[in-house]
Amino acid sequence: MKRNLRIIFINIFMIFLLAGEIAMQSVHASAESHEGVATVQMIDLDKGIARLAHAPIDSLNWSAMTMNFRVGEHVRLQGIKANDKVIFIFMQTSGEYVITAIRPAQ
Ligand SMILES: [Cu+2]
């Protein structure tokens, strides 16, 4: 019985992982979004800003730099903090770069 419960929990967890992956892919599929790898410098939850030291982003011809991104309203930061390495997806919206998804890099 306990074992069955454990299997059910693992299955639910896998479904969430899969749903997250699909969400990332659908964000990725839209024309204006870009993906980057970065180290978090600072997160200001009050202002909704993340300062990221990102690696080059080929889809924008950007070289590596440190810059501020706006954190999208519905983005869950899920415990992401300064010095964490992350993979993130962002879009340009009215002159701002807005993070639409972010997760820890493996
Ligand atoms: Cu940049």
Which condition does Ile57 not pass, out of (1) at pLDDT 95 or above; (2) touching a Leu at 6+ places or on another chain (Cβ under 8 Å), if it passes all the others?
-> (2)
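Results for (1) within 16 Å of the ligand (Cβ to nearest atom); (2) touching a Leu at 6+ places or on another chain (Cβ under 8 Å); (3) among the polar types (S, T, N, Q); (4) at pLDDT 90 or above, shown as yes or no for each residue.
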site: Gly48; (1), (2), (3), (4): no, no, no, yes
site: Ser63; (1), (2), (3), (4): yes, no, yes, yes
site: Ala82; (1), (2), (3), (4): no, no, no, yes
site: Tyr97; (1), (2), (3), (4): yes, no, no, yes
site: Pro104; (1), (2), (3), (4): no, no, no, yes
Could you identify the single residue in Val27, Val40 that is within 17 Å of Val86 (Cα to Cα) and modelled with pLDDT under 80?
-> Val27
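The values are calculated or read from the model by the stated rules, or taken from the named source; none is laboratory data. Computed from a predicted structure; not experimentally measured. Cβ: placed from backbone, ideal geometry, glycine included. Neighbour counts: every protein chain shown.
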